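Below you'll find the structure, written out as structure tokens, and then a few comments.
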Amino acid sequence: MRREGARRLAVVAGSVLACAVASLPYAGNGGHHGGGDELATIGGRPSTAPAPTTTPSTALAPHLPATPPPPAALVAPVEVPLPPPPPAPEGADPTAGVVLGDAAATGTAVAVPAPASPARTASVTPGPPGERVWAVVIGIDDYPGTASDLRAATADAGDLVTALLRFGVPGDHVLPLYDRAATIDGILGAVDWLVANAGPEDTAVLLFAGHVRDLGRGTEALVAADAGWIADWYLAERLAALRARDAWFVVAGCYGGGFDELLGPGRVLTAGAGPGELAYEHDGYGRSYLAEFVLRRGLVEGAAGEPTVQAAVSYGMRELEREHPSRQVWHADAAGHVISLDGIRRDGSAQPGEPPPSPPPDPGGGDLLTGTLCFLGLCG
């Protein structure tokens, strides 16, 4: 039921795999590193993590690289079979919204200060269109141990950051989280930052590139850098307060189409794979297929023709069909209008601060009888 109406194209074996999440070494019966799982009830279902006490802000940027770490040395694309999934880890309950990971596994934590949200009142003079875009961009290559590390997730995330900055989005409106910064608390804090800052005239963007876990029963989860995970339904509830007029959610990972709980009016979901399907990295590109065709070529290089979600995805899907037909992305568009990533309205509506467009003149003067008489040539 939840999958109807969304475009799904099967993913089959291809270039280097991007998601061995089912084979994460910390996903066995001892998968919960560190105890202290205190249950909290959110939306009628238990969550094993309370809301974070701090949220990230632009002050986090100095602690992070200006650009993502470079991917590993590129080699010729090769076929790599996906390892079989291990038994479900103890406590991998799809009704648990958040499962804590091992913060110690990520080394020294990055400081996450409280945000300084700008004043957003009707009296404030609208700034440049780019100021109406807010984005959280998450890329995780470095997972605990080495067997589960990815090669291109930070490059995927970096492409979107580059595109947004080129489109005029201010640097303090883009919050990147790479590797060790993308713990459970880091991700949830970033989501809260997005909700707090994106106003009703704004566009919100959330990209996650990394491992995704299929928990069964129609539930998928983002896997954080500390090996914990955040269920799709819990993420949707966390974003329920998002006021943004438009929102683009991108999951560059396996099973990403399963995050359709995020969809609604004004919202679009693009993923590297559909529910129950695998996504792939390409060593030659140094990126996932989604990032190479939609983000890098479509947006950064401008091949999509305009900085909109719909143009970029349409271009990427068309080129993938031509070059890698078995590597198509998954896409569901419930927006009802074009979403621009530079803040400029392209759907015919007025820009904030401008009067609404005037309705077309009524040829009958607004009166049905008069209009009918004019049609018959009987009006003056």
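The values are calculated or read from the model by the stated rules, or taken from the named source; none is laboratory data. Because the structure is predicted, anything quoted here is derived from the model rather than measured. FYI the Cβ positions are ideal-geometry reconstructions off the backbone, even for glycines, and counts take in every protein chain you see.
When residues in region 218-264 are screened for being at pLDDT below 90 and either surrounded by fewer than 24 Cβ atoms within 10 Å (Cβ to Cβ) or in contact with a Phe, Trp or Tyr (Cβ under 7 Å, 6 or more places away or on another chain) (or both), 2 of them pass. Evaluating Tyr255 against the criteria (1) of a type in the set (Ser, Thr, Tyr); (2) more than 14 Å from the chain's Cα centre (by Cα); (3) on the phi > 0 side of the Ramachandran plot leaves one unmet condition, (2). Just to be sure, is Ala335 under 20 Å from Leu164 (Cβ atoms), touching a helix residue (DSSP H, G or I) at 6+ places or on another chain (Cβ under 9 Å) and free of Cβ contacts under 8 Å to residues at least 60 places away in the same chain? No.
Could you go through region 240-260 and let me know if any residue there is touching an Asp or Glu at 6+ places or on another chain (Cβ under 9 Å), assigned to a loop (DSSP other than H, G, I, E, B) and free of Cβ contacts under 8 Å to residues at least 24 places away in the same chain. No, that holds for no residue. Against the list (1) at pLDDT below 95; (2) of a type outside the set (S, T, N, Q); (3) under 26 Å from Pro170 (Cβ atoms); (4) surrounded by fewer than 24 Cβ atoms within 10 Å (Cβ to Cβ), the condition Arg267 fails is (1). Taken over region 276-330, the criterion of being among the small types (Gly, Ala, Ser) and not in a loop (DSSP other than H, G, I, E, B) is satisfied by Ser288, Ala291, Gly298, Ala311, Ala312, Ser314, Gly316, Ser326.
Among the residues of region 202-219, some residue qualifies, meaning at least one is within 14 Å of the chain's Cα centre (by Cα) and more than 28 Å from Gly276 (Cβ to Cβ).
Across region 270-293, what is the number of residues that are under 26 Å from Tyr234 (Cβ atoms) and buried (at least 24 other Cβ atoms within 10 Å of the Cβ)? Residues that pass the stated criteria total 9.
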